[in-house]
Amino acid sequence: MLMKSPVGSKKALASTQLEDGLMAYRCPESGGHYISAVSYMRWLSNQPARLPQLPPDGEDMHECIETSSAKLCPETGTIMSRYQVGHGFSFTVDRSITGGIWLDAGEWEALRRRNFHDEIHYIFTQPWQSNVLEQERATSARKRLEERLGVELLGRVDALKSEIAGSPHREQILAYLFHD
């Protein structure tokens with residue numbers, strides 16, 4: 001079956017091996033990859049153990065080339081759904097109704113670098129997406145607070161907050177702070 005790229009000029013995808021035992025299809029124009037659900041789950045089942053996630057390294061955003069237009073599944077021709085990855089990644093991953101996954105150029109490498117490549121299937125779950133939404137809310141609230149208080153004052157408040165949290169006199173300190 002000839003599969004066409006969901007981006008660019010819709011060129012034919014070329015079969016490639018992303019990892020030992022993980023077959024995918026690569027777009028010759030964009031460098032993105034399509035991984036069928038069967039191929040991904042087969043590869044995943046042969047992995048010895050889930051790798052521990054690594055923290056952001058600053059390279060996650062620089063090498064990825066995210067395309068913003070809607071994508072059509074190479075297998076079915078239906079519109080793919082877009083999911084935020086979160087956890088320090090700024091890009092999204094697209095998923096077909098078949099469970100197939102589209103990764104724009106550089107996204108597989110970014111996920112692999114931080115050991116998220118063996119849990120792509122979790123990105124599409126409600127708990128993962130709820131966590132991503134909560135992270136976004138916390139980041140947004142922090143940014144608003146920083147705008148209101150300023151970086152320096154917020155830094156001092158954070159230091160005091162940490163000191164109070166570790167104090168055996170926490171209750172008395174808080175009572176004193178909130179006493180009129």
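The values are calculated or read from the model by the stated rules, or taken from the named source; none is laboratory data. None of these values were measured; they are calculated from a predicted model. For neighbour counting, all protein chains shown are included, and Cβ atoms are generated from backbone atoms with ideal geometry for every residue, glycine included. The protein model used for the area step is the full one, side chains on, heavy atoms only, and it has no ligands, DNA or RNA in it. Shrake-Rupley method; radii C 1.70, N 1.55, O 1.52, S 1.80 Å.
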**Asked** Where only protein heavy atoms count, and the probe is 1.4 Å, what is the accessible area per residue for segment 113-177 in Å²?
**Response** 72
**Fill in**
Taking Lys and Arg as +1 and Asp and Glu as -1, residues besides SER96 with C-beta under 12 Å from its C-beta add up to +1
**Asked** Quick one: helix 151-165 against the long Cα principal axis of the chain, what's the angle to the nearest 10°, folded into 0 to 90?
**Response** 80
**Complete:** Between the modelled labels at GLN172 and ASN46 (7 Å from Cα along Cα→Cβ) the distance in nm is 6.5
**Fill in**
Restricting to Cα pairs under 8 Å and 6 or more apart, the percent relative contact order of the chain works out to 17
**Request:** Report the one residue of LEU22, ILE173, LEU2 whose Cα lies farthest in the direction of the positive end of the charge dipole of the chain (charges on C-beta: Lys and Arg +1, Asp and Glu -1; origin at the Cα centre).
**Result:** LEU2
**Message:** I'd like the FRET efficiency for ASP158 and GLN126, computed as 1/(1 + (r/R0)^6) with the beta carbon distance as r and R0 of 35 Å, rounded to 0.05.
**Reply:** 0.65
**Given (1) 74, 36, 27; (2) 68, 30, 27; (3) 40, 38, 34, the label whose value is Cα extents along the principal axes in Å derived from this model** = (1)
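Run the numbers on segment 74-180 and let me know its relative contact order in percent, using alpha-carbon pairs under 8 Å that are six or more apart.
The value is 17 percent.
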**Request:** Report the residue, chosen from ASP118, ASP104, ASP20, that carries the largest GNM mean-square fluctuation when the chain is represented by alpha-carbon nodes joined by springs under 10 Å.
**Result:** ASP20
**Asked** For segment 1-154, what is the charge dipole size about the Cα centre, in debye to the nearest 20, if Lys and Arg each add +1 at the Cβ and Asp and Glu each add -1 at the Cβ?
**Response** 460
**Request:** Output the relative contact order of segment 1-104, whole-number percent, from Cα pairs under 8 angstrom with separation of 6+ residues.
**Result:** 25
**Asked** Using a Gaussian network model of the chain with C-alpha springs under 10 Å, which one of GLN84, GLN129, GLN47 is most mobile by mean-square fluctuation?
**Response** GLN47
**Request:** Would you mind telling me which residue in GLU163, GLU147, GLU75 has the biggest mean-square fluctuation in a Gaussian network model of the chain, where springs connect alpha carbons within a distance under 10 angstrom?
**Result:** GLU163
